[in-house]
Structure formats: C-alpha cells, structure tokens
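Colleague: Quick one: this structure, given as structure tokens, is what I'll be asking you about.
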Amino acid sequence: MVKKCDAIVIGGGHNGLVCAAYLARAGKRALVLERREVLGGAALSEEVFPGFTFSVFSYVVSLLRPEIIRDLDLPRHGLHILPLESTLTPLPDGGHIAQWNDHDQNRHELARHSLRDAEAYDELGRLLHQMARAVRPLLGMLPPDPASLRVRDLASLARLGGHLRGLAPEHFHALHKLLTMSSADYLDEWFETEALKATKSASGIIGTMLGPRSPGTAYVLLHHYMGELDGVFRAWGFAKGGNGSVSAAIAAAARRFGAEIRTGAPVANVIVKGHRAVGVALESGEEIQAKVVVSGADPRRTFLDLLGPGQLPDDFVAAIRRFRFRGASGKVNLALAELPRFAGLPDAGPHLRGAISISPSVDYLERAYDEAKYGEFSRRPYLDIVIPSLLDPAMAPPGKHVMSIFAQYAPYALNGGWTDARREAFGDAVIDTITEYAPNLKGAILHRQVITPADIERTVGLTEGNIFQGELTLQQMFFFRPVPAWARYATPVPGLYQCGAGTHPGGGVMGASGRLAAQAILGEKA
Amino acid sequence: MLKTTPFHPRTAALCASYAWRRWAGYVVASSYGLSHEHEYHAIRSAAALLDISPLCKYLVRGKDAARLLDRVVPRDVAHAEVGRVLYTPWCDAAGKVLDDGTIARLDDALFRMTSADPGLRWLEDNALGLDVEIEDATDSIAALALQGPASRAILQEVCSKDLGALKYFRTTAAELRGAPVTISRTGYTGDLGFEVWVDAPDALAVWDALIQAGTPYGIAPAGMLALDMARIEAGLMLIDVDYISARKALIPQQTSTPFELGLGWAVNLDKENFVGKRALVEAAKRGPAWRFMGVEIEWESLEELYADVKLAPQVPAAVWRTSVPLYTDGDQVGYATSGGWSPLLKRYIALAHIESSHAAPGTRLEMEVTVEHRRMHATACVVRRPFFDPERKRA
C-alpha cells in the first residue's frame, strides 16, 4: 500500500466528480480514479473531426441540479448553460408543429393545428407543474426503505407520506394516472394532434426499452418535466462547449476543493478485508487504501465486476442481476457543411436553435419500438436532434455545423450482435430518416460518427449501453434503485458506496446521485 | 410571432410612442402619443377609439345555444331577450372564477361570448350532447370600443339606427357606412360608450369612418394605458392582474369565488343548475372571506410621508399592477392589485382584496408606499367601487 486517503471515487463521470467535489469541500481527502485518459464518462466533449467538437454521448442538460451549480460555483469554472427554446417536429407532408418557450408563440403555433390543443397545453402544463412540485422533493430526499423500522427511514417515510397526503384529491388522482398509464394513453386524454402527442410522449421513452404505449411511461414524462435550471422548471439547455464542459467545470471545482483526480487509472477491483472495503487495486497492480470507496460505475459493474464472488449476500447478487439495463438508443454525430433545410421552413432561423424531434405520430414511435422488441434497430427511428454550433459557434469551424442526433431504438441485444456493418447500417437509417424531412442533409455531411449501445458500453463502460445506468422505469426508481433496502448509496459491504445514476434519482446529467451519495457518506462519518 | 389586429395598418401608423403591449398574443398600442394623458382625457371629455380585437370571441349557435350558456355561467341566460348583453363571470365546479366576459344574445339561437382567455375547449366539453355549434371568431371579428361623452353623437353620424334607443347593455345589428356591424352599448371605461363588432375585412373602413366622423368631436385613438386608468376609476377588474383564473392558479389560495370578487350580483342561485352551483350555494351560506373593494390613499397622509424627506408628494404616472400590502395595526389584512392617480378625480385610488372583517366602506387601513427607497405606510380608506360613475353611462 503506497497511499492512503479518506475516499476513493471509482470513475470520473459527472456523478463521481460531483461526489468527490462535495467530499473534498467537506475537508475529506478524495481521490478520483478514471479508467480513460479523459474525464466525464458519458458527459464528454471531444474534437472527433478536426475543428468539429461533439458532446459525444449525452448532449443536453435538463436536470443538473441548481444547488450543485451554486454549491460548487460551476459558472466560475466555465459552466454556461444556453437554453434550448423550442422543439420542432417536422411532418411527413412537409408541414411542421413546434413548441416554443414563449407562451404566445406556442399558443399560435399549436392553434394552427388545434385550438383545443393550444388550450389543453396550458392546462396540462399547469398540472404537470403541480405534479412536478409534488414529486420533486423526492429527488432531493435520501430514499427511505419502506420495509425498515429504523428511525431515519420511518421519519423519511412519514415526510413522504405527509407530502402525499398534502396533495389535493385531484392531484393524487393525476399522480396515480401518471404512475400507471402509458404516455400515449395519458396524452390521448389531453391532445388530438398526433405529432404533438408523439413528441410529448417521446420524453416518456427516452433511453428505455419501452414504447409510448407501454404502461408506466407516463411517469417518465413527468420525470423529464422536472428539468430545472436556475429554478425555472422545464428549461432544457445546452452546455457551452458541450457536455464535457459540465464535467470539466465539476472537475475544476473538485480540484479547487482539494480533490485529486487521476486519469488512465483503471480500477481492477475493490479490496475487501474483514467484510469491509478498505481500498482499491488498480490494473497496474498499484493498491490504494481509503476509509471509504465510492463507485460511480453502474450497479452491475460495481457489484459483479469490482467485487469478487462471495463478498455479497446471494439475494443481493440476484437482485443486481435482475436490475435491467437494455440500452435502447444510439447516437449519430455529424459534421455538416451547411444547415439542414426543412420543407416549408426558412433556411435558417430560431426553429433550428432548439431541439428537432422526428416523432410524427405515436404509431411511428410504436412501430420503431416494435422492431426493437424483436431485436432489430428501427428502420425509421425516433430522433432527437440538436445543432450545437448554432448555440455555441465554437463547436465547428466558421460557417460549418455539428449535428447531434439521439436515435432510438437501437437495442443492445441486436439479433446477431452489433458489427461494424450493422453500425453503419443503423447510421444510414438515421440519416435516411432525416433526409426525408431535410433533403439537403445527405449532401451536407462532411464526417459522421455512429455510436451503438455496444459502443457506449465498450467506450464508457455503461452496461448494455444504457444511458441512465439502468432503465429509468418505475420498478427501478426511488427506493427500488438499484435494489430495495440498498437505495441509500450504502451497500452490503461496509465502506463501499455507490454514487452513479444507477442510484436514486437516476440519470439525466443531474448530478443528484453524486451529491446525495456524498451527503450520505458525510452524514454517517460525521 | 405575435399577431396584429385587423386595425394594425392604422394603429401602427399612429403609434408615435412606439410603445406596444401584448394582449392575448396580439400587439396593441400602450399609447399612441408620447404620453397617454390626452388619450385618457378623451375618454372622459370627448371620445376615445380603442382597438379591442384581441378579446376572445365565440359565436354560439344552435337549438341548445341558450341551454349551453345558461349551464356554463351563473347568470340567467335562458331568459335574456334578444338584444340583451350580460356581463358575467364563470366558474369551475368548485365555484372558483375561471374568467369573465360578456354574452350578447344576437338572436334566439345565436350568441356572441367574449372572454379574456381562450375557452373553446371548456365550452366544447360542456356542450357534450347538446345541439350547438361553437365557432372561435377571435380572428374573424374585429372590435372597436368608442367610449366617452361624445361617443353616441359620433356613432350616430355614421349609423342609421337610432342609437338613442339603444340602452345600456343592449346590442343591435346596424350598418356603419355600408358595413354590417353589431353595436353594443358596453365598454370597459364606466362611461357612455359603445363597442362595434365588425367582420375583419371591413375593419379598416369602420375605423376610417369613425375617425372621420369623430374628428370634429375630438375623437382620439387611445391605448391600453389610458384604458387601464379609466377601468380602475370604473372599478372594473382585470384577469391576471386583479384576480387569477382558477384555470391558472397553482394553489387554492390563488382562486376566488364570484362573491370574493364582488360579483355576487351576477350569481343566480335560483337557476336550476350551472357549473359550480353546488359549491356556490355553500359559499353563499358561508359568506365571502374576502371583498374586492376600492381604496383611496389619503392625500394628507402621503403628503406627510414626503414632507419628512423634504419632497412634494409623488404619484404614479401610470397605473401600477403589482400586489401591494394593506395593513391594520401592523397586521396584513389585504392587498391592492392595481392602482394609480386619477387625473379626473384627483385621487390616488386602487383596487384591493380585503379580508371581510376589515372591508367595510370607511375603514381606514394602511397601504405600503415607497418614499425615497423606504417602505412606509400611508392611510388608505376603504371605499365602494366604482370611484367614478357618471349618469351618462346609463342615460
């Protein structure tokens, strides 16, 4: 043993860095060990082609907790989140429907399609606002274990219960619906415009092997609705410089608080002595001691790869093996010589500065899911597109652009497995899909990078390429995440903690898991 | 993009102030002149022409049109004769006000309803099973308010109908220089005045006719700032400013019953049924916890506060629309929601929500005023609305 510290954080993803920053801020000697040469995990900016920088994996910021931005003083370390002000859904008939942050603009646009929907939009917005307010405190709460009789769990449960009792009956009913219905069914109760329903329901399926008609997806719709920046609900944003700048800012903050961060330092395993985690062994053979080991890796990596057999109770291992990943999405990153031109819309304009959603109908999305259900990638996938160079021109050479395309479904368990040829075929399907709406796209492509769930797993270590470190479905949330009774960041191995998105409240570049894990660790050590 | 009204070619040319305001997704002039003073005085001394096209307008027609409207508002629509206009609030099932507006009975089976917020979905949902057709005419009908003592004379110049016979809150079909219009004796100023409803393609012709006929009478196009002062003098509330629609309220405390808004007179509990009736019967029994009243900030009290810092009293140059606390003995018992200096009455007046136990006319409260950056309390006396109610309004 060459070295000793208070806490080792395995993995320099944004949650690991947040956890280390909070630990260091509390005066702990924290050491982050990152396997790759670059920090950030899946929150990474890379100059993939000369002059073109991409948020290679995760690409927007919605849920990054404002208290983390404040506590860690992230703007001082370069974080600037630029708002995405609209969502454009081009339609196959050459029309489009857009949603805008400005109320009047949004209303006029929706009223072009349905006066009823324009009104329902505000009413649903109000309801989801109230629901998000009702559910949001749970995100910041250490999840209680409902089966436990410990005082802290009972008190926490009582707070939760009191919170739910405080809901007006109609809100309790709405919450029940959101918890049980599919997003398509739920939105059917509100809207009649197909593309609006589809685009809204898409947020219920992002990153998940479920279709818009799968029960339980309505809740995920609400989960994404809680995106909050600067205290403003529903503000989606793009981090200047790409999502790597989120990681870089957190890393800089962590270092300023005294944390040490090492890259190119893959951890081979956690060292357990007398049933207690006492440090880690690196693949290089180096061993480092620590009072606490915190894993930012997902639950399967943490418990099945970094620990040896027999170090965990059998039922716990069984539960971890049941925890579902099932990566469902891929990415296509394009370097473009010119902007895409969508039929019926001006060549350039504010409609390109927001998100562009290929989600013309619920049937379209469900059909895309059908293919994935049986092991194929969607030939016409759901796409969530942003053009970061319009928000931050430094992402591309002058006059040129980068396009980030989130594409679903690309099932991890592809029939016959992912090969180079299958990857490029998937990339072709994505580009063909966009070209149907913006015919000049194909000719504008200078370079392309296609990323499958298998690539995500291999590159950043997310099991099965699931972007949330485990499906964000109701049976894997709150005190079920990742395993009932072990949702409070501690693990059956004393001294070993988890801080990744595989814990409550989950993924979405929110950093909440890292922060709450640090609080749990500091609370117990205090 | 924001919409412009059918009068925009005229209003834009006149808008020397470049001061525009959003109203329900449209742009309308805040004031045309550099100051709104002239426009305000035109309302009270001559006539003012106001573009009120952004109002939401619905044409409700069909066998069950009266039945639908009678069901959705607490006033008695079924028995309103043709030509009648009703001002009314309407409520959700909990008896909380959703919106307020007018319902004009244009024919046996044809009504025009105006509202501040879009309400098509709500009307349609309530029309389930009824033989009724609801048309959103917000864009297709343009509307002008001609308000002020000279308004009748001006309108009579261009209209063959005898407007002397058109009583307060009545409407009639007419021709205005050849353009088919409906004219209602209604308005938002508490003065003698009319509102002219015209198909959008005829809008500019009607505007031009009224300006031409009105010029000898001193007609002035007026913007929202002038209207805001006049409607406060008239004691008329404004949605989103003086009350929050139950459709938008985030917490129950933000909602109001009609009784709490001083609109109990518009609630007919003898009607067999209407949306919110059951809740309103209970609310009527309990009596309102709040009253919507006028308050007058006493000049002497204001003068004293300013004298302490060696300044003459300052009054707001335009209507303010913020929530201002009202106290009695240091306890907050209410809040004013809009107020301003009435150039006509020479009084500093405001509209306020006051707990019922402190809302009797003549009660002296304290209102927060900021004097040289410091929050002070000035005496504010509770008074009945309206502050200004000229006989010509109804005559």
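Colleague: Rounded to the nearest 5, what is the percent of antiparallel bridges among the DSSP beta bridges in chain B? Please report the intermediate quantities before stating the final value.
Modeller: Values: 85 of 91 bridges.
If we restrict to bridges inside chain B, about 95 percent are antiparallel.
Colleague: May I ask you to derive the FRET efficiency for A:ARG458 and A:ASP370 from their Cβ-Cβ distance with R0 = 30 Å, giving the value to the nearest 0.05?
Modeller: Rounded to the nearest 0.05, the efficiency is 0.65.
Colleague: Still on this structure, I have one more. Nearest 10 degrees is fine. How inclined is helix A:420-437 to the longest principal axis of chain A, computing both from alpha carbons?
Modeller: That helix lies at roughly 40 degrees to the long axis.
Colleague: Moving on. Apply the Karplus curve 6.51 cos²θ - 1.76 cosθ + 1.60, θ = phi - 60°, to the phi angles in region A:397-407 and return the couplings in whole Hz, x for Gly and Pro.
Modeller: Taking θ as phi minus 60°, the curve returns x, x, x, 9, 9, 10, 10, 10, 10, 8, 10 Hz for region A:397-407.
Colleague: About the Cα centre, and with charges only on the beta carbon of Lys, Arg (+1) and Asp, Glu (-1), how big is the dipole of chain A? Nearest 20 debye, please. Display every interim value, and only then the final one.
Modeller: Numbers: 55 positive and 54 negative charges, 398 e Å.
The calculation lands at about 1920 debye.
Colleague: To the nearest 0.05, how large is the calculated FRET efficiency for A:ARG321 and A:SER284 if R₀ is 41 Å and r is the Cβ-Cβ distance?
Modeller: 0.90
Colleague: Return one quarter of the surface area of the convex hull spanned by the alpha-carbon atoms of chain B, equal to its mean projected area, in nm². Can you show the working numbers first?
Modeller: Numbers: hull surface 80.1 nm².
So the Cα hull casts an average projection of 20.0 nm².
Colleague: A further question follows. Could you give the length gained by full extension between B:GLU81 and B:MET1, i.e. 0.36 nm per residue of separation minus their alpha carbon distance, to one decimal place?
Modeller: 24.7 nm
Colleague: Same structure, new question: Have a look at region B:57-136 and give its Rg and Dmax from the Cα atoms, expressed in angstrom.
Modeller: For region B:57-136, the Cα radius of gyration and maximum Cα-Cα distance read 11.2, 31 Å.
Colleague: Give, rounded to the nearest 20 debye, the magnitude of the charge dipole that chain B has about its Cα centre when Lys and Arg contribute +1 at Cβ and Asp and Glu contribute -1 at Cβ. Spell out each step's value before the answer.
Modeller: Working: 43 positive and 50 negative charges, 67 e Å.
So the dipole magnitude of chain B works out to roughly 320 debye.
Colleague: Moving on to the next point. Give the average, rounded to an integer, of partner chain Cβ atoms located within 10 angstrom of each Cβ in A:347-358. Display every interim value, and only then the final one.
Modeller: Values: counts 0, 0, 0, 0, 0, 0, 0, 0, 0, 0, 0, 0.
Mean shielding by partner chains, rounded to a whole number: 0.
Colleague: Name the residues of region B:204-229 whose amide N is less than 19 Å from a point 7 angstrom out from the Cα of B:GLU157 along the C-beta direction?
Modeller: Those under the cut-off are B:204-222.
Colleague: Follow-up question, since we're still on this one. Let me check against my output: what whole-number percent is the relative contact order of region B:57-136, with C-alpha pairs under 8 Å and at least 6 apart?
Modeller: 41 percent
Colleague: Give the residue from A:ILE81, A:SER357, A:ASN269 lying farthest towards the positive end of the charge dipole for chain A; charges sit on Cβ (+1 for Lys and Arg, -1 for Asp and Glu) and the dipole is referred to the Cα centre.
Modeller: A:ASN269
Colleague: May I ask you to order B:227-239, A:368-380, B:321-333 by the average number of other C-beta atoms within 10 Å around their residues, highest value first?
Modeller: B:227-239, A:368-380, B:321-333
Colleague: For the Cα atoms of chain A, what angle does the longest principal axis make with the long axis of helix A:362-373, in degrees from 0 to 90, nearest 10?
Modeller: With rounding to tens, the tilt is 50 degrees.
Colleague: Compute the relative contact order of chain A as a whole-number percentage, counting only Cα pairs closer than 8 Å that sit 6 or more residues apart in sequence. Working shown, then result.
Modeller: Working: 1222 pairs, mean separation 127.8, N = 526.
Relative contact order, chain A: 24 percent.
Colleague: I'd like the mean, over residues of A:100-111, of how many other protein chain beta carbons sit within 10 Å of each residue's own Cβ.
Modeller: Mean number of neighbouring Cβ atoms from other chains: 3.
Colleague: Nearest 10 degrees, 0 to 90: what angle lies between the long axis of helix A:115-139 and the longest principal axis of chain A (Cα atoms)?
Modeller: Roughly 0 degrees between the two axes.
Colleague: Work out the length of the dipole vector of region B:57-136 about its Cα centre, built from +1 on the beta-carbon of each Lys and Arg and -1 on the beta-carbon of each Asp and Glu, and round it to the nearest 20 debye.
Modeller: 160 debye
Colleague: Calculate the spin-label point distance for B:TYR168 paired with A:ASP314, positioning each point 7 Å from the Cα along the beta-carbon direction, and give it in nanometres.
Modeller: 8.9 nm
Colleague: Calculated FRET efficiency, B:ALA289 and A:HIS103, Cβ-Cβ r, R0 25 Å, to nearest 0.05?
Modeller: Details: r = 31 Å, r/R0 = 1.24.
E between B:ALA289 and A:HIS103, to the nearest 0.05, is 0.20.
Colleague: Helix hunt in chain B: which complete DSSP H runs extend at least 15 Å axially by C-alpha with mean Kyte-Doolittle at least 1.0?
Modeller: B:203-214
Colleague: Roughly speaking, what is the centre-to-centre gap between region A:303-379 and region A:49-90 when only Cα atoms are used, to the nearest Å?
Modeller: Rounded to whole Å, the Cα centres lie 19 Å apart.
Colleague: Also, quick follow-up: Kindly provide the helix-only [θ] at 222 nm of the protein assembly as shown, computed as the sum of -39,500 (n - 2.57) over DSSP H runs of four or more divided by all residues, to the nearest 500 deg cm²/dmol?
Modeller: My calculation for the protein assembly as shown gives -8500 deg cm²/dmol from helical runs alone.
Colleague: OK, next. Quickly work out the B:LYS346-to-A:ARG150 label distance, labels modelled 7 Å from Cα along the C-beta direction, and quote it in nm with one decimal.
Modeller: 7.6 nm
Colleague: Going by a 4.7 Å Cβ-Cβ cut-off, which cysteines of the protein assembly as shown have no partner at all?
Modeller: A:CYS5, B:CYS15, B:CYS56, B:CYS91, B:CYS159, B:CYS381
Colleague: Let me check I've understood the local charge: for A:TYR364, count other residues with C-beta under 10 angstrom from its C-beta, Lys and Arg +1, Asp and Glu -1. What total comes out?
Modeller: With Lys, Arg at +1 and Asp, Glu at -1, the net is -1.
Colleague: Here is a follow-up. Arranged from highest to lowest average of other beta-carbon atoms within 10 Å per residue, in what order do the peptides A:13-20, B:47-54 appear? Spell out each step's value before the answer.
Modeller: Working: A:13-20: 34.4, B:47-54: 26.0.
Most protected by this proxy first, the peptides run A:13-20, B:47-54.
Colleague: Does anything in region B:307-342 have its amide N under 19 Å from the 7 Å Cα→Cβ label point of A:ARG133, and if so which residues?
Modeller: B:323
Colleague: Any chance you could check the Cα centroid distance between region B:213-233 and region A:421-450 for me, in angstrom?
Modeller: Cα centroid to Cα centroid, the span is 60 Å.
Colleague: Mind listing the long-range amide H neighbours of A:GLY506? Cut-off is under 5 Å, sequence gap 5 or more, other chains count too, H placed in the peptide plane at 1.01 Å from N.
Modeller: Under 5 Å from the amide H of A:GLY506 lie the amide H atoms of A:SER513, each far enough along the sequence or on another chain.
Colleague: Which one of A:GLY399, A:THR435, A:SER389 has its Cα pushed farthest toward the positive end of the charge dipole of region A:333-464, where Lys and Arg give +1 and Asp and Glu give -1 at the Cβ?
Modeller: Among A:GLY399, A:THR435, A:SER389, the one farthest towards the positive end of the dipole of region A:333-464 is A:GLY399.
Colleague: Could you tell me which GluC sites (Glu not before Pro) in region B:308-383 are loop residues by DSSP with no more than 16 other beta carbons within 10 angstrom of their beta carbon?
Modeller: B:GLU372
Colleague: Filter B:LYS3/B:LYS161; B:LYS167/B:LYS346; A:LYS240/B:LYS3; B:LYS57/B:LYS285; B:LYS3/B:LYS57; B:LYS63/B:LYS277 down to the pairs with a C-alpha to C-alpha distance above 22 Å, please.
Modeller: B:LYS3/B:LYS161; B:LYS167/B:LYS346; A:LYS240/B:LYS3; B:LYS57/B:LYS285; B:LYS63/B:LYS277, as the Cα separations exceed 22 Å there.
Colleague: A further question on this structure: Relative to the present Cα-Cα distance, how much length would full extension add between A:ARG76 and A:GLU424 at 0.36 nm per residue of separation?
Modeller: Full-extension gain reported as 121.2 nm.
Colleague: Where a ≥ b ≥ c are the square roots of the eigenvalues of the C-alpha gyration tensor, would you call the protein assembly as shown rounded, which needs a/c under 1.5, or, failing that, prolate if a/b is larger than b/c, or oblate?
Modeller: Details: a/c = 2.24, a/b = 1.83, b/c = 1.22.
Because a/c hits 1.5 or more and a/b exceeds b/c, the protein assembly as shown counts as prolate.
Colleague: What spacing in nm lies between the two simple spin-label points modelled at B:ASP331 and A:ARG112, each 7 Å away from Cα in the Cβ direction?
Modeller: Output for this residue pair reads 5.6 nm.
Colleague: Let me ask another. Starting from one equal scatterer on each C-alpha and no solvent at all, send me the Debye-based log10 I(q)/I(0) for chain A at q = 0.08 Å⁻¹, two decimals.
Modeller: Evaluating at q = 0.08 Å⁻¹ gives log10 I(q)/I(0) of -0.48.
Each value in this text was obtained by applying a stated rule to the coordinates, not by laboratory testing. All values reported here derive from a predicted model rather than from experimental measurement. Using ideal geometry, Cβ is built from the backbone for each residue, glycine included, and neighbour counts are taken over all protein chains shown.
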